[in-house]
Amino acid sequence: MARIETPKRIRGTQDIFGDEQRRFAHVVDTFERVRRLYCFQRVEVPIFESTAVFARSLGETTDVVSKEMYSFEDRGGDSLTLRPEFTAGIARAYLTEGWQQYAPLKLVAHGPVFRYERPQKGRYRQFHQIDAEIIGAPEAAADIELLVLADQLLHELGIADGVTLQLNTLGDAETRDAWRGALVTHFEQHEGDLSQDSKDRLNRNPLRILDSKDPKDRPIADAAPDIDAYLTSEAGAFFESVAKGLDAAGVAWTRNSRLVRGLDYYRHTAFEFVTDRLGAQGTVLAGGRYDGLIGSLGGPETPGIGWAAGIERLAMLLEEPAAETVFATVIPIGAAAEARAVGVVADLRRERMKVDMAFRGNMKRRLAKADAQGADYAIIFGDDELAKGEVNVKRLKTGEQKTVPLARLPRIMWSQLMGDDFPDATEMTTWDHDGAVVKGPFQE
C-alpha cells in the first residue's frame, strides 16, 4: 500500500498558535477597543474583487499590480484578485453601496491580505492588516484624527518607545505637478547613474526614486529638489494645520521631506511610523491622503485618508504575552460525577465565569492541569459527594478547601470573584449578582 504523503504548508503562509496567536489577538483586541473610543465603525468587504478595482486604484505600473497580486480567472471568465490591501475595496463599496449619504465616514477593517512577494521576517504572502479610513472629509482635522488614533494604538500596545512618526506633505495637485516635473528633469540628468529599477520608474513613477534603497540611487535622490520649493500657499497652510493639530494632541513627529506616495491620486499628508527594531524594513504603520482615488474609480471627486499596519509586524514588537488563565477547573471523579460535571461547567459558564474541566487521568494529573492553566480554584467531586449534593472547592494558591452545597455553587463562586471571604457551607453569602457589572479573572 502506497504511503500517503502529508500535505505541506504553502510557502509564505503561517499557522498561528500559542504565544504567536496571543500576540496576534492582543493586537486585534487593542485595535477594536481603541477604534471604539474614536467612534470608527467596523466594515467587512470581500476578500476578492474584480482585478480592475486594484489595477485602477493601485496603478497598473506599481510593483503590487505588476508583480505581487494573486489574480485568477473564475469560471465565468471574469478576472478576480485576492485583495492586496483594504483601501481599494472600501472605496469601491463606498461607491457601489451608496455610502456617500453617510459622509464623512470613519471606518476600520482587519483581516487577511495577499501579496506574492519574497517571504521574510514579518512578511508573508498571506498576512493580516488592520486598516482605518476617513472618507468624505477634506479638512485637516481628519488627518489629525487618524494620526492620533494610530499614535494611541501604538501606546496602548506598549510598543511606542522607539517608534517615530515621520510626516510629509505631497501638496495639492498644482504642487505635485510642478514638483514631479522638477524631479523628472533632475533624474534625467543623472539617468545613466541610476539603478535599473529607478530607470524603469523614471517615466511611470518618478517619486518612488526618492525612497529607493539602492546605494547607487541615494546620492542622486538626496540631491533632488525638495517639495517645499513648489508648495502652494494653500498646500502649505494645510500641512501647517496638520502639524499644529498633532502638537496640540501631544503626538511627537518629525519631518521627512523624502517620504512619498507614488500614485497621482495622493495629496497632502503622507506618513509612516518607523522603528529600527524590525531590521531594514522598519515601517510598522503607514498611510496618507488619497483625494483622487474615488475619482479614479469612476466616482465623484471625494477626499479620503487612511492607514494600514501589518498585524504580524506589530505583534513582533510586543512583550512576551501573559498566558491565558482560567478562574476554576472542574475535576469530576467517577462516571456519575463526570456526567453531572457537564451541567456544572455549563451553569458556571452561563454566569460568565471562565471555567474548564479536567476529565483525564488520576487526581494528581487533573490537579496538575488546573495548576498549568493558572486556575484560581479547583471544584472537585466524586460520586459520593454527588450523592450528598456537595462539592469540594479548593483555593489552589493556598490549598484551603471547603465543602459547599452543589445547588449554591454558582453563587459561592461569584462571591469569590467579588473578593468575599471563603465561606463555610453554613455561611453562604446572600449577595445578589443579577445585573451587576463584574470585572474578574474570568473576563478576557
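The values are calculated or read from the model by the stated rules, or taken from the named source; none is laboratory data. Since this is a predicted model, take the numbers as computed values, not measurements. Quick reminder, even Gly has a Cβ in these numbers, built from the backbone with ideal geometry, and neighbours come from all protein chains shown.
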- the stretch 253-269: number of residues that are surrounded by fewer than 20 Cβ atoms within 10 Å (Cβ to Cβ) and part of a strand (DSSP E or B): 2
- Out of (1) in contact with a Gly (Cβ under 9 Å, 6 or more places away or on another chain); (2) over 22 Å from Leu314 (Cβ atoms); (3) of a type outside the set (Lys, Arg); (4) in contact (Cβ under 8 Å) with a residue 40 or more places away in the chain, the odd one out for Ser241 is which? (1)
- Task: Just give me the residues in the stretch 54-93 being part of a helix (DSSP H, G or I), at pLDDT 90 or above and crowded, with 21+ Cβ neighbours inside 10 Å, in sequence order.
- Result: Thr87, Ala88, Gly89, Ile90, Ala91, Arg92
- Return the pairs, sorted by first residue and then second, in which the second residue is charged (D, E, K, R), the first residue lies in the stretch 333-348 and is assigned to a helix (DSSP H, G or I), the beta carbons are less than 8 Å apart, and the residues are 6+ apart or on different chains. Ala335/Asp383; Ala336/Asp383; Ala337/Asp383; Ala337/Glu385; Val345/Asp356
- Message: Here is a list: Glu32, Glu5. Which entry is exposed (fewer than 15 other Cβ atoms within 10 Å of the Cβ) and in a loop (DSSP other than H, G, I, E, B)?
- Response: Glu5
- Query: How many residues, within the stretch 37-52, are part of a loop (DSSP other than H, G, I, E, B) and not aromatic (Phe, Trp, Tyr)?
  - Reply: 6
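So that you can scan it fast, the table gives a plain yes or no per residue for (1) within 14 Å of Phe114 (Cα to Cα); (2) of a type in the set (Lys, Arg):
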{"site": "Gln14", "(1), (2)": "yes, no"}
{"site": "His26", "(1), (2)": "no, no"}
{"site": "Val43", "(1), (2)": "no, no"}
{"site": "Ile47", "(1), (2)": "yes, no"}
{"site": "Val53", "(1), (2)": "no, no"}
{"site": "Tyr70", "(1), (2)": "yes, no"}
{"site": "Leu80", "(1), (2)": "yes, no"}
{"site": "Arg92", "(1), (2)": "no, yes"}
- How many residues, within the stretch 401-432, are more than 43 Å from the chain's Cα centre (by Cα) and either at pLDDT 90 or above or closer than 20 Å to Ala358 by Cα (or both)? 7
- Can you pull out the residues in the stretch 200-255 that are at pLDDT 95 or above and charged (D, E, K, R)? Glu234, Glu240, Lys244, Asp247, Arg255
- Kindly list, by first and then second residue, each pair from a residue in the stretch 17-35 that is closer than 22 Å to Gln152 by Cβ to a residue that is of a type in the set (Lys, Arg), limited to pairs with Cβ atoms under 9 Å and residues at least 6 apart or on different chains. Glu32/Arg42; Arg35/Arg42; Arg35/Lys106
- Among residues belonging to the stretch 313-332 that are in contact with a helix residue (DSSP H, G or I) (Cβ under 7 Å, 6 or more places away or on another chain) and not in a loop (DSSP other than H, G, I, E, B), point out the one that is farthest from Thr164 (Cα to Cα). Pro332
- If we ask which residues in the stretch 212-237 are buried (at least 17 other Cβ atoms within 10 Å of the Cβ) and touching a Ser or Thr at 6+ places or on another chain (Cβ under 7 Å), their number turns out to be 7
- Residues that are in contact with a Gly (Cβ under 6 Å, 6 or more places away or on another chain), surrounded by fewer than 18 Cβ atoms within 10 Å (Cβ to Cβ) and acidic (Asp, Glu), drawn from the stretch 277-320: Glu301
- Message: Give me the residue from the stretch 135-151 that is more than 15 Å from Val274 (Cα to Cα) and within 17 Å of the chain's Cα centre (by Cα) and, out of that set, surrounded by the fewest Cβ atoms within 10 Å (Cβ to Cβ).
- Response: Val148
- Task: Please state which of the following conditions Thr96 fails to meet, knowing it meets all the rest: (1) of a type in the set (Ser, Thr, Tyr); (2) surrounded by fewer than 15 Cβ atoms within 10 Å (Cβ to Cβ); (3) in contact with a Leu (Cβ under 7 Å, 6 or more places away or on another chain).
- Result: (3)
